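Read through the structure below, which is laid out as structure tokens, and then see the notes.
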Protein chains: 2
Amino acid sequence: MPIAPLFRPIDVAPAYQKVADAIEREIVNGRIKPGDPIGTEHDLVRQFGVNRSTIREGIRVLEEGGLIRRDSSRRLHACLPRYSKLASRLSRALVLHEVTFRELYEASMTLEVASIEGAVERASEENVAELTDNLARSGAVVGDPARLAECDAEFHVLVAKASQNRVLQLAREPAAQLFYPTTEMIVTGVAEGGPRLVAAHRHLIDAIRRRDREAGVLWTRRHLQDWRRGFEKIASLDRSVEHMYMEHAQAARRR
Amino acid sequence: MPIAPLFRPIDVAPAYQKVADAIEREIVNGRIKPGDPIGTEHDLVRQFGVNRSTIREGIRVLEEGGLIRRDSSRRLHACLPRYSKLASRLSRALVLHEVTFRELYEASMTLEVASIEGAVERASEENVAELTDNLARSGAVVGDPARLAECDAEFHVLVAKASQNRVLQLAREPAAQLFYPTTEMIVTGVAEGGPRLVAAHRHLIDAIRRRDREAGVLWTRRHLQDWRRGFEKIASLDRSVEHMYMEHAQAARRR
DNA sequence: ACCTCTAACTTTGTCGGACAAAGGGACAGA
DNA sequence: TCTGTCCCTTTGTCCGACAAAGTTAGAGGT
């Protein structure tokens, strides 16, 4: 017969964790605002009354979480976590969980369509300008798959940005980080891929400008279906995302 | 005239970062599989030829990233990053970026609809059983807002799980973590809220069982619109997500 | 008074060694 | 089989130290 639970487990966190939690609390509840300096390590030693090694372990935790950074002179200050950095954590997780391209495709279809809908509804002049600029640059590198894939990734980030919905922006990022690197392979493998891609972007900008939701959704779908057809010429949609992607991500994360 | 770039910037990362990167690489590219033990700190000291403090800082980084854990006996081993832990990082970021409930609502509408579509299409017997079990428990606590809100959150996690799409599962989580805590307030404030919530869940399970996509989408929309109506009785959709949510998240993350 | 250069001073990254507390294993005794 | 004990290992924390890089203040020239 199991004994009745009389006591709750007591919360005994190691000191470095308590340090990290304490600083996190101050940042998250707004007492320390993004940009504000945290003290030097020595300051923190004094304030928390623990050894510098302990402080440093706590700092690593917060740094990895994106809550604090060291500026050019290596001093600590609070900062707003950057989406792309967080997203690369998620991408890494998706790789480890061995998600398939089918899952990626399905999720992206949803997320990119939602992005374009938001963009059509709320894109600002500036958003459109950025997109137009991107289109021009894409047109210039249509023969260079690597460069073009980069532009494509940026284009969709800009569309998400134009949706003015940061939750959507963040939600689509992990999938996108895994999704768009394949664009290079596809554009390389399929001759008419580059021009079709640029044409789709042109139609999308047009749809945003005319606030034509139907057209936006239609061209986003086509654009993704193009990707899919291209991909299926190379590999099965049921293949899991490859490990090699992570090299990309690791390099990107450090920036 | 700018000089031609003769040298690439050399990679001068601090030692603890290199340690973390090296271990991460081995995990991500699969040479160390989830569950495999990493050596003891002393082992790593020997292998990397750096001081234990340096090793420990590297370990903190990986631990925070969810790539390694310490088991009950505090020994290190690799593990699959847990979605909920990663998602709470994102939720935290969304709070700091002061996203509005409108953004949350819009994104959730997209993501939850996509989840139900996937669930209708691919839910297994077991998924349905889990959902049914959840429904029963919800019915039992319909008068207890806190408990009911918990069930509601779990219900939607289960729907996402039933979609068999892990990308979607991950993408919806951050928004959900911020979204569903409000359910408690709403159910408390609106008398008919609890029963309506449970009824919606029942219809959703029904739709999944009958593989009736239309019904699934319809009831998900209604369910979310109910939330919205309830929320707007309390506050404006344009209010930014409150800092207080994070207390939830911090506690949850440590588990 | 303004600019530049140098000489302290501070801070970070890393190192070596130290110790208490907790866990794991082996072993003896009930 | 269960329990208690001894020993060894591992972790969490501390202390003190030092080189490299950054910062500050003051000396010196204009």
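Once the other residues with Cβ under 14 Å from the Cβ of B:ALA215 are scored (Lys, Arg +1; Asp, Glu -1), what is the net sum?
It works out to a net charge of +2.
Across the residues of B:55-62, average count of Cβ atoms on other protein chains within 10 Å?
Details: counts 0, 6, 8, 1, 2, 12, 6, 2.
So the per-residue partner count for this stretch is 5.
Based on alpha-carbon centroids, what's the gap between region B:169-229 and region A:190-242 in Å, whole number please?
32 Å
A:SER124 label point, 7 Å along Cα→Cβ, cut-off 19 Å on backbone N: hits in region A:71-90?
Taking a point 7 Å out along Cα→Cβ of A:SER124, the residues of region A:71-90 whose backbone N falls under 19 Å are A:83.
Net charge within 14 Å of B:GLU98 by Cβ-Cβ distance, Lys/Arg positive one each and Asp/Glu negative one each, not counting B:GLU98 itself?
Working: positive: A:LYS33, A:ARG166, B:ARG92, B:ARG102, B:ARG239; negative: B:GLU103, B:ASP238, B:GLU242.
Around B:GLU98, the charge tally is +2.
Take the cross-link list A:LYS233/B:LYS85; A:LYS33/A:LYS85; A:LYS18/B:LYS161 and give me the ones stretching past 30 Å between alpha-carbons.
A:LYS233/B:LYS85; A:LYS18/B:LYS161
Pick out, in residue order, every one of the trypsin sites (Lys or Arg not before Pro) in region A:173-247 that is DSSP loop and has at most 12 other C-beta atoms within 10 Å; say none if there are none.
Answer in residue order: A:ARG210.
Where the centroid of each part is defined by its Cα atoms, how far is region A:18-94 from region B:94-165 in Å?
32 Å
7 Å from Cα along Cα→Cβ at both A:GLU154 and A:VAL142: what's the point-to-point distance in nm?
Using points 7 Å along Cα→Cβ, the separation is 1.8 nm.
May I ask you to report, in nm to one decimal and beginning with the shortest, the distances from A:LYS233 to the same position in the other copies, taking label points 7 Å along Cα-to-Cβ?
Label-point separations across copies, in nm and ascending: 5.7.
Please say if region A:34-91 is rounded, prolate or oblate, where rounded means a/c under 1.5 for a ≥ b ≥ c the square roots of the C-alpha gyration tensor eigenvalues, and otherwise the choice is prolate for a/b larger than b/c and oblate otherwise?
Details: a/c = 2.85, a/b = 1.75, b/c = 1.63.
Prolate, since a/c reaches 1.5 and a/b exceeds b/c.
I need the semi-axes of the equivalent ellipsoid of region A:121-208: take the C-alpha gyration tensor, multiply each eigenvalue by 5, square-root it, list largest first in whole angstrom. Intermediate values should be presented prior to the final figure.
Working: eigenvalues 96, 50, 17 Å².
Each semi-axis is the square root of five times an eigenvalue, giving 22, 16, 9 Å.
Count, for each residue of A:21-34, the Cβ atoms from other chains sitting within 10 Å of its Cβ, then give me the mean as a whole number.
Details: counts 3, 0, 0, 4, 4, 0, 3, 10, 6, 4, 1, 0, 1, 2.
Mean number of neighbouring Cβ atoms from other chains: 3.
For region B:1-128, how big is Rg over Rh, using alpha carbon atoms and the Kirkwood form of Rh?
Rounded to two decimals, Rg over Rh is 1.14.
Within 14 Å, Cβ to Cβ, of B:ARG239, how many net charges do the neighbouring residues add up to if Lys/Arg are +1 and Asp/Glu are -1?
Summing Lys/Arg as +1 and Asp/Glu as -1 gives -2.
Say a label goes 7 Å from Cα toward Cβ at B:ALA22 in every copy; what distances in nm does this one have to the rest, shortest first?
3.3
Once the principal axes of the Cα atoms of the protein assembly as shown are found, what is the range along each, listed largest first in whole angstroms?
77, 60, 41
In peptide A:98-107, what is the residue-averaged number of other protein chain Cβ atoms found within 10 Å of each Cβ?
5
Please state the shape class of chain A: rounded when a/c is under 1.5, otherwise prolate if a/b exceeds b/c and oblate if not, all from the C-alpha gyration tensor.
It is prolate, given that a/c is not under 1.5 and a/b is the larger ratio.
Calculate for chain B the 222 nm mean residue ellipticity that helices alone would give, adding -39,500 (n - 2.57) per DSSP H run of length 4 or more and normalising by residue count, nearest 500 deg cm²/dmol.
Working: 12 runs with 177 residues, N = 255.
Computed mean residue ellipticity for chain B: -22500 deg cm²/dmol.
Compare the Cα positions of A:SER115, A:THR54, A:LEU86 along the charge dipole of region A:41-141 (+1 at Cβ of Lys, Arg; -1 at Cβ of Asp, Glu; about the Cα centre) and return the one farthest towards the positive end.
A:THR54
Every number here is computed from the coordinates shown, using simple stated rules; none is lab data. Predicted, not measured: the structure shown is a model, and the values here were computed from it. So basically every Cβ, Gly included, is an ideal-geometry build from the backbone, and we count neighbours across all protein chains shown.
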